[in-house]
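Quick notes on the structure that follows.
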Amino acid sequence: MTVRTYVSTTVRNDRLDEVLHALENVDPDAIVSSVTRSGAPDAPAGASLSLAGDMREAVREQLTAFPDLEYDVGVRQVED
């Protein structure tokens, strides 16, 4: 079994790339499972990612730089 951290985010469309970059700083091999964008820069956008290991604290540290960000972070064990 392997531990993975799952992150779901909602942020302004014009900030989404910054959030994705911050999470990739935690795990350069992060798996982006979905990204939703709209045409307007101030419209909500979101992403779902998984990172290797228990990265909850590192994720929280990275995402504190985004005060308007809504996110959910959790850890699950998955089969190899």
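Could you grab the Rg to Rh ratio for the chain? Cα atoms only, Kirkwood for Rh.
Values: Rg = 12.4 Å, Rh = 12.7 Å.
Using only Cα positions, Rg/Rh for the chain is 0.98.
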How far, in degrees from 0 to 90, does helix 16-26 lean away from the longest principal axis of the Cα atoms of the chain, to the nearest 10?
-> 20 degrees
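Summing +1 for each Lys or Arg and -1 for each Asp or Glu, what net charge is found among the other residues whose Cβ lies under 12 Å from the Cβ of VAL32? Don't jump to the answer; show the numbers that get you there.
On the way: positive: none; negative: ASP17, GLU24, ASP27, ASP29.
For residues surrounding VAL32, the net value is -4.
For the stretch 6-53, what is the Kirkwood hydrodynamic radius in Å, using each pair of distinct C-alpha atoms? All intermediate terms of the calculation are to be shown ahead of the outcome.
Numbers: mean 1/r = 0.0930 Å⁻¹.
Result for the stretch 6-53, one decimal place: 10.8 Å.
Since every read-out is calculated from the coordinates, none of them should be taken as a lab result. Owing to the predicted nature of the structure, the values given are computational and were not obtained by experimental measurement. Note: ideal-geometry Cβ built from the backbone for every residue, glycine included; neighbour counts use all protein chains shown.
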